[in-house]
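Before any comments, here is the structure.
The values are calculated or read from the model by the stated rules, or taken from the named source; none is laboratory data. Remember, it's a predicted structure, so these values are computed and weren't measured experimentally. As a convention, Cβ positions derive from the backbone with ideal geometry for all residues, glycine included, and neighbour counts pool all protein chains shown.
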Amino acid sequence: MTDAHDIYRNPLAERYASPEMLRIFSDDSRYRTWRELWIALAEAEMELGVEIRREQIDELRRAAGSIDYERVAEIEHENRHDVMAHITAFGEQCPGARPIIHLGATSCFVTDNADLILMRQALGLTAGRIAQLIEIFRDFALRHRSLPCLAYTHFQPAQLTTVGKRAALWAQDFLLDLQEIAERIEKLRFRGVKGTTGTQASFLELLDGDSEKVERLDALVTEKMGFSERFLVTGQTYTRKQDVAVLNALAGVAHSAHKFSNDLRLLQGLGEAEEPFGSRQVGSSAMPYKRNPMRLERISSLAKYVICEAQNGGWVASTQWFERTLDDSANRRLSIPQSFLAVDAMLLLAVNVMRGAVVYPEIIRRRLLDEFPFMASENLLMLAVRAGGDRQILHERIRQEAMRVVQDRRGGKSGNDLLLRLAEDPLFAAVRDRFAEIADPSRYVGRSPEQVERFFADEAAPWLERFAKSSGESWDVTV
């Protein structure tokens, strides 16, 4: 007899993902869904004239929520077939309905269609999580929309932006992911009722050769299970290209999460902002003073996993033989649920980080002022030329003084007094009264505050209204 510490346990379930996402991909959720599919099939067949009695349907419904997992395991140990094990166990519970369970169907009727139902639920929860995260980015971005900070290209100082504008860029990436997830939900197609190799031959036989009834059966079960669209042609399985689209959408969330976590980790290294740090949290076992960005690092770590998992979808879709092979089964049992669990964990972490993210305006200002005079010198040059100065002479003087500042800093002098030096230079006497204006960083952030306001009001708001209420209740980060 083993206990919980004697066997490997999946960290996604034990440490990272939410109860809501774990419930979606639980055994109970999956196998109850199988039973709902069998009931929907039997009911639709009855409605189309197959000899199935209402009391048989009622018997199935009464037993649908009560699964004897020990009995299922016992049967599967003997027959090595999970679907047949569940059919047998369901039939033992419903002896009157046993003859009509799974009538005309193949295993993929329940396995594929159930996968699609669970994926659709998981996509909905994911969309709500993303919307909630964007709302938190919105509040953060609006609060800091006018706070100037250094912008970077190539991780080198490059003009100014605002703290809020940078957060809006993070939010925009996630909004694109939300839009992609929404499209996947809308376009997700049901496999439907297709038979062993997708020809519907068994159902044509069951319905006395009536092709229209077979078509109606397919549509009826699709409707009963809440889907508006179905594949009109399948093999034994629906095309795995649909899985590719879903996994790629999840990988897109991972791209955005990794970018966000990298940016904020870099800002934490620069001292400008940081993820929340608990009063009793330990940053390092060796260095007590450290405040490692462990939540952001975990986001990056999980993101890499999801991005790699997306390749599984492509491999499975491209290597299916004819109407199907079973070499997709074990892979999909891992890659699809675990990608959703990992994305769920990333979004929980991102929300947790942004709810408690700390910004340090004084450090931001100090770092900005170390570089800002170089950036402001271009505006100073333009003003001095407009006041009658010679552009080439002025440019050379700025260059000379800038190089002296750089040399002084390399020699250990702190700060950047370039504008003070130029203010005392006779060449710039004509614009000396404009230096206070030139030295105001808020004049160099362009339309950043307006861009932040407009993005969240015009572009993000409709999507937040649509999805934010479906975000789930659990937001705790376990560790």
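Please pick out the residue among Gly235, Gly226, Gly164 that is surrounded by fewer than 22 Cβ atoms within 10 Å (Cβ to Cβ), over 14 Å from Leu41 (Cα atoms) and small (Gly, Ala, Ser).
When all the criteria are applied, what remains is Gly235.
Looking only at the stretch 284-310, filter to residues that are in contact with a Lys or Arg (Cβ under 6 Å, 6 or more places away or on another chain) and in a loop (DSSP other than H, G, I, E, B); which one of those is modelled with the highest pLDDT?
Applying the filter and picking the extreme gives Pro293.
Look at the stretch 92-102 and say how many of its residues are over 12 Å from Ala42 (Cβ atoms) and in a helix (DSSP H, G or I).
Result for the stretch 92-102: 2.
Has the stretch 182-201 got at least one residue that is part of a helix (DSSP H, G or I) and surrounded by 23 or more Cβ atoms within 10 Å (Cβ to Cβ)?
No: the stretch 182-201 contains no residue that is part of a helix (DSSP H, G or I) and surrounded by 23 or more Cβ atoms within 10 Å (Cβ to Cβ).
For the stretch 129-158, give me the residue count where each residue is touching a Ser or Thr at 6+ places or on another chain (Cβ under 7 Å) and either of a type in the set (Lys, Arg) or not in a helix (DSSP H, G or I) (or both).
Here the count works out to 8.
Yes or no: Asn352 buried (at least 17 other Cβ atoms within 10 Å of the Cβ), under 30 Å from Arg23 (Cβ atoms), in contact (Cβ under 8 Å) with a residue 12 or more places away in the chain and in contact with a Pro (Cβ under 9 Å, 6 or more places away or on another chain)?
yes
Could you look through the stretch 184-201, keep only residues that are free of Cβ contacts under 8 Å to residues at least 24 places away in the same chain and of a type outside the set (S, T, N, Q), and pick out the one that is nearest to Ser256 (Cα to Cα)?
Step by step, filter the stretch 184-201, then rank; the result is Glu186.
Only one of (1) charged (D, E, K, R); (2) closer than 30 Å to Ile100 by Cβ; (3) modelled with pLDDT under 95 fails for Asp3. Which number is that?
For Asp3, the failing item is (2).
For the stretch 1-32, what are the residues that are under 30 Å from Thr88 (Cα atoms), hydroxyl-bearing (Ser, Thr, Tyr) and part of a helix (DSSP H, G or I)?
Ser29, Tyr31
Taking interchain pairs and intrachain pairs at least six residues apart, which have beta carbon atoms under 8 angstrom, with the first residue in the stretch 67-83 and farther than 18 Å from Arg333 by Cα and the second surrounded by 12 or more Cβ atoms within 10 Å (Cβ to Cβ) and of a type in the set (Phe, Trp, Tyr)?
Listed by first residue and then by second, the contacts come to Ile67/Tyr31; Val72/Tyr31.
Please determine, by comparing only the residues of the stretch 34-57 that are of a type in the set (Asp, Glu) and in a helix (DSSP H, G or I), which one is farthest from Leu116 (Cα to Cα).
Selected residue: Glu55.
Among the numbered criteria (1) free of Cβ contacts under 8 Å to residues at least 60 places away in the same chain; (2) more than 25 Å from Asn248 (Cα to Cα), which one does Leu169 miss?
Of (1) free of Cβ contacts under 8 Å to residues at least 60 places away in the same chain; (2) more than 25 Å from Asn248 (Cα to Cα), only one is false for Leu169: (2).
Which members of the stretch 311-320 meet the condition of being free of Cβ contacts under 8 Å to residues at least 24 places away in the same chain, part of a helix (DSSP H, G or I) and polar (S, T, N, Q)?
Answer for the stretch 311-320, where residues must be free of Cβ contacts under 8 Å to residues at least 24 places away in the same chain, part of a helix (DSSP H, G or I) and polar (S, T, N, Q): Gln311, Ser318.
Please give the helices (runs of 4 or more DSSP H) falling wholly within the stretch 414-479 in which 2 or more residues are surrounded by 12 or more Cβ atoms within 10 Å (Cβ to Cβ) and more than 42 Å from the chain's Cα centre (by Cα).
Fully inside the stretch 414-479 and qualifying: 418-423, 435-438.
Among the residues of the stretch 432-451, write down those that are modelled with pLDDT of 90 or more and of a type in the set (A, V, I, L, M).
Val445, the sole residue that qualifies.
Residues to consider are Ala105, Ala114, Ala89; find the one that is assigned to a helix (DSSP H, G or I), under 37 Å from the mean Cα position of the chain (by Cα) and either in contact (Cβ under 8 Å) with a residue 12 or more places away in the chain or surrounded by fewer than 20 Cβ atoms within 10 Å (Cβ to Cβ) (or both).
After applying the criteria, what remains is Ala114.
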